[in-house]
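S.K.: What follows is a structure written as structure tokens; I'll ask about it next.
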Amino acid sequence: MDKIIELKNVSFVYDTQEEQKPALRNVSLDVRRGEFLAVIGHNGSGKSTLAKLLNAILLPTEGQVLVEGMDTADEDLVYEIRRRVGMVFQNPDNQIVATIVEDDVAFGPENLGVPPAEIRQRVDDALRAVGMYEFRGAEPHKLSGGQKQRVAVAGVIAMRTDCIIFDESTAMIDPKGRREVLETAKRLCREMGITVVMITHFMEEAVQADRVVVLDSGRVAAEGVPSEVFADSALLRRTGLELPFAAKLAGKIRTAGVPLPDGLLTPDSVADALFAAAQEAEVI
Amino acid sequence: MAELEVRSLTHRYGAKHMPQVTAVKDVSLRVQAGELLGVIGHTGSGKSTLIQHFNGLLTPTSGEVLLDGENIFRDKQATRAARFRVGLCFQYPEYQLFEETVYKDIAFGPRNMQLPQDEIDRRVRRAAQFVELPDALLEKSPFDLSGGEKRRAAIAGVLAMEPEILVLDEPTAGLDPKGRETILSLVADYRRQTGSTVILVSHSMEDIARLATKALVMNRGEVALYGTVDEVFSQGERLVAMGLDVPAVTRIFLSLRERGLPVRTDVYTLEQGAAEYLRLFGKGARA
């Protein structure tokens, strides 16, 4: 299996004047090339710290983070690492630097010293990939939250990164914007082979990933495909996480004696299963 | 306790001779004392602009806001009184913490109300207790608190004014499931214990379906739907047409109906959903 990022026994301690707060404790984890990985956990579980370790914004207190084999602690490699792993942050208003959408997307490749003609091409490609091409001449502050986040994503992919980290990038935007960002992330992963690491509070987003990692008190509490992870109700309770509503509905109906398959997590899969069960029982 | 009434309220942004945007257009509604009103709408639907009139923070271009029948824009005094009776908590209120200590921050509102010192102290401690901030945190700088604690400290600042109408603009945005639950249950407790009205702006249809007594749907600056939660969520198809989210349970039943199952689509809670589906099987009793 091809690993794009490897965490080896990583611990991270926030060193403040008053206290030493461990945020991650001995975490070992791989991000596989081309996968859509969701990282969930309650506030303070260490997931944002984890995100910032993946492209050398933070360096581990102990252990190693390797991006395509490069150690993030090696200062000479930071530039190379950031070219491969880009990050989209939480607040859509804090990460746009230019006054016109296309200038903002060009900012990254300009800094990489890409020739102007190629920058033009990359910017256009990137804006098309996130569905924002028609807004290329717009002023970013006039865009919705979801649109701003998609511009930020375009800025990352214009650098031709292999991996994008979404650090709670959907937390501050409305449901419509959230759907836009999630669909964009899924498309980039499926169609362009970009590895996506989605740090999120929303279980509805996590259930759509290929793989889920649950963090709790700085440790990996579980990892696996969504249908496995969300089947473990004791784990969810212990880590303060919730089943998506659709899954809860399926659970209730199953308990009442209607045979439904396991691992139903999304509204679509639950609707399919409920329809099939009704047909099976010939109630229509 | 106060009854809130809005009469033909219109709000336009933009200076004279400049292109103007009508953010709120001819809105009329009445909110009875003690209700928990959920407000739903897209970003840009006018909901945040609307609620900022409730305590006189924004002045309408035309129309009135009445508290117990009195126009809060009648004169300065009336507006000032409204500001204390209607507590407004913005989105991401923790960005507005500014004092040296959490105590002083929570005390800011009551101090502006020119209450006596011991009353201020009583209110600060009560509000802090309400949002479960331990005493030890009161002397800390607000900037040393965790994200969830900051949010609760900011809400305590509004509660300390003991408003008869508490207006919260997306109080759970950006919080994890546990944090969301904590905030929502303390808001519900405040309403239960004081009999105050709560107006809650939220993107979570599930939360509104579960907690609210009434729901208001704003669309393009106008009232699209206003009624009991039952009345509003029974219009699932209209909500979807407006591009709004509907509760996951409603979405599932809309889909089942589309495929020809004879189910109702006005269901929005888990219990209703399970019961309605099991009805097909004649299993009402077993559920």
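The values are calculated or read from the model by the stated rules, or taken from the named source; none is laboratory data. Only a predicted model underlies this, so the values are computations on that prediction, with no experimental measurement involved. As a convention, Cβ positions derive from the backbone with ideal geometry for all residues, glycine included, and neighbour counts pool all protein chains shown.
S.K.: Regarding the range B:203-214, can at least one residue be identified that is among the charged types (D, E, K, R), more than 8 Å from chain A (Cβ to nearest Cβ), within 25 Å of A:T200 (Cβ to Cβ) and more than 13 Å from the chain's Cα centre (by Cα)?
M.R.: At the first step, the residues of the range B:203-214 found to be among the charged types (D, E, K, R) are B:206-207, B:210, B:214.
From the residues that got through so far, the ones that are more than 8 Å from chain A (Cβ to nearest Cβ) too are B:207, B:210, B:214.
Next cut, within 25 Å of A:T200 (Cβ to Cβ) only: B:207, B:210.
Within this subset, residues satisfying the condition of being more than 13 Å from the chain's Cα centre (by Cα) are B:210.
Taking every residue of the range B:203-214 in turn, at least one turns out to be among the charged types (D, E, K, R), more than 8 Å from chain A (Cβ to nearest Cβ), within 25 Å of A:T200 (Cβ to Cβ) and more than 13 Å from the chain's Cα centre (by Cα).
S.K.: Please work out if A:R128 is in a helix (DSSP H, G or I) and surrounded by fewer than 19 Cβ atoms within 10 Å (Cβ to Cβ). Quick ask: steps written out before the conclusion?
M.R.: Working: in a helix (DSSP H, G or I): yes; surrounded by fewer than 19 Cβ atoms within 10 Å (Cβ to Cβ): yes.
Yes; evaluated as a whole, the condition is true for this residue.
S.K.: Can you pull out the residues in the range B:127-172 that are surrounded by fewer than 20 Cβ atoms within 10 Å (Cβ to Cβ), in contact (Cβ under 8 Å) with a residue 40 or more places away in the chain, within 14 Å of chain A (Cβ to nearest Cβ) and not aromatic (F, W, Y)?
M.R.: Selection gives B:S141, B:L145, B:G147.
S.K.: Every residue in the range B:115-155 that is farther than 15 Å from B:Y95 by Cβ and among the basic types (K, R), please.
M.R.: B:R122, B:R123, B:R125, B:R126, B:K140
S.K.: In addition: Could you tell me whether the range B:249-259 includes any residue that is at pLDDT below 90 and of a type in the set (G, A, S)?
M.R.: Looking for residues that are at pLDDT below 90 and of a type in the set (G, A, S), one finds none in the range B:249-259, hence no.
S.K.: What number of residues within the range B:24-59 are in a loop (DSSP other than H, G, I, E, B) and more than 13 Å from B:E5 (Cβ to Cβ)?
M.R.: So the first thing to find is which residues in the range B:24-59 are in a loop (DSSP other than H, G, I, E, B), and the list is B:32-35, B:41-46, B:52-59.
Okay, now just the ones that are also more than 13 Å from B:E5 (Cβ to Cβ), so B:34, B:41-46, B:52, B:55-59.
Of the residues in that region, 13 qualify.
S.K.: Assuming B:T182 fulfils every condition listed in (1) within 14 Å of chain A (Cβ to nearest Cβ); (2) over 20 Å from B:C89 (Cα atoms); (3) surrounded by fewer than 20 Cβ atoms within 10 Å (Cβ to Cβ) apart from one, which condition is it?
M.R.: (2)
S.K.: If you don't mind, there's one more thing I want to ask. Wholly within the range B:197-287, which strands (runs of 3 or more DSSP E) include no fewer than the required count, namely at least 1 residues that are surrounded by fewer than 24 Cβ atoms within 10 Å (Cβ to Cβ) and acidic (D, E)? Walk me through how you get there before you give the answer.
M.R.: Numbers: elements: B:197-201, B:214-219, B:222-228.
Filter on the range B:197-287 gives B:222-228.
S.K.: Looking at the range A:59-83 only, could you name the residues that are surrounded by 14 or more Cβ atoms within 10 Å (Cβ to Cβ), farther than 17 Å from A:Y14 by Cα and of a type in the set (S, T, Y)?
M.R.: Selection gives A:T72 alone.
S.K.: Mind listing just one residue for me: the one in the range A:151-208 that is within 12 Å of another protein chain (Cβ to nearest Cβ) and of a type in the set (A, V, I, L, M, F, W, C) and, of those, surrounded by the fewest Cβ atoms within 10 Å (Cβ to Cβ)?
M.R.: For the range A:151-208, the residue satisfying everything is A:A171.
S.K.: Given the structure, is A:L215 within 21 Å of A:H42 (Cβ to Cβ), crowded, with 20+ Cβ neighbours inside 10 Å, within 13 Å of another protein chain (Cβ to nearest Cβ) and touching a Lys or Arg at 6+ places or on another chain (Cβ under 7 Å)?
M.R.: On the way: within 21 Å of A:H42 (Cβ to Cβ): yes; crowded, with 20+ Cβ neighbours inside 10 Å: yes; within 13 Å of another protein chain (Cβ to nearest Cβ): yes; touching a Lys or Arg at 6+ places or on another chain (Cβ under 7 Å): yes.
Answer is yes for this residue.
S.K.: For residues that are more than 14 Å from B:R257 (Cα to Cα) and more than 30 Å from the chain's Cα centre (by Cα), scanning just the range A:261-282, find the one that is nearest to the other protein chains (Cβ to nearest Cβ).
M.R.: Across the range A:261-282, the extreme among qualifying residues is A:A281.
S.K.: Continuing with this model, one more query. Any idea which of (1) at pLDDT 95 or above; (2) within 14 Å of chain A (Cβ to nearest Cβ); (3) over 12 Å from the mean Cα position of the chain (by Cα) is the one B:V27 doesn't satisfy?
M.R.: Failing condition for B:V27: (2).
S.K.: Just checking, does the range B:218-229 include any residue being more than 29 Å from B:H11 (Cα to Cα) and either within 17 Å of the chain's Cα centre (by Cα) or assigned by TED's automatic domain parsing to the domain that holds B:A23 (or both)? Please lay out each step first, then the result.
M.R.: Pass one, the range B:218-229, residues more than 29 Å from B:H11 (Cα to Cα): none.
There is no residue in the range B:218-229 that is more than 29 Å from B:H11 (Cα to Cα) and either within 17 Å of the chain's Cα centre (by Cα) or assigned by TED's automatic domain parsing to the domain that holds B:A23 (or both).
S.K.: Follow-up. Give the range B:184-196 a look and list any residue that's within 20 Å of B:L29 (Cβ to Cβ) and in a helix (DSSP H, G or I), or say none. Spell out how you get there, then give the answer.
M.R.: Looking only at the range B:184-196, we keep the residues that are within 20 Å of B:L29 (Cβ to Cβ), and these are B:191, B:196.
B:R191 - this is the single residue of the range B:184-196 that is within 20 Å of B:L29 (Cβ to Cβ) and in a helix (DSSP H, G or I).
S.K.: Counting only residues that are acidic (D, E) and in contact with a helix residue (DSSP H, G or I) (Cβ under 6 Å, 6 or more places away or on another chain), which one in the range A:200-256 is nearest to A:A51 (Cα to Cα)? Spell out how you get there, then give the answer.
M.R.: To start, the set of residues in the range A:200-256 that are acidic (D, E) comprises A:204-205, A:210, A:216, A:223, A:228, A:232, A:242.
Then drop every residue that is not in contact with a helix residue (DSSP H, G or I) (Cβ under 6 Å, 6 or more places away or on another chain), which leaves A:205, A:242.
On the way: A:E205: 17, A:E242: 22 Å.
Top of the filtered list is A:E205.
S.K.: Is it the case that A:L53 is within 13 Å of A:N9 (Cα to Cα), in contact (Cβ under 8 Å) with a residue 12 or more places away in the chain and either surrounded by 22 or more Cβ atoms within 10 Å (Cβ to Cβ) or touching a helix residue (DSSP H, G or I) at 6+ places or on another chain (Cβ under 8 Å) (or both)? Break it down stepwise before answering.
M.R.: Numbers: within 13 Å of A:N9 (Cα to Cα): yes; in contact (Cβ under 8 Å) with a residue 12 or more places away in the chain: yes; either surrounded by 22 or more Cβ atoms within 10 Å (Cβ to Cβ) or touching a helix residue (DSSP H, G or I) at 6+ places or on another chain (Cβ under 8 Å) (or both): yes.
Spelling it out, A:L53 is indeed within 13 Å of A:N9 (Cα to Cα), in contact (Cβ under 8 Å) with a residue 12 or more places away in the chain and either surrounded by 22 or more Cβ atoms within 10 Å (Cβ to Cβ) or touching a helix residue (DSSP H, G or I) at 6+ places or on another chain (Cβ under 8 Å) (or both).
S.K.: Check A:D30 against each of (1) farther than 21 Å from A:L188 by Cα; (2) within 17 Å of the chain's Cα centre (by Cα); (3) of a type in the set (D, E) and name the one condition it does not meet.
M.R.: (1)
S.K.: Looking at A:T49, A:T61, which one is within 27 Å of A:A171 (Cβ to Cβ), under 14 Å from the mean Cα position of the chain (by Cα) and β-branched (V, I, T)? Talk me through it step by step, then tell me what you get.
M.R.: Numbers: A:T61 fails: under 14 Å from the mean Cα position of the chain (by Cα).
Exactly one of A:T49, A:T61 is within 27 Å of A:A171 (Cβ to Cβ), under 14 Å from the mean Cα position of the chain (by Cα) and β-branched (V, I, T), namely A:T49.
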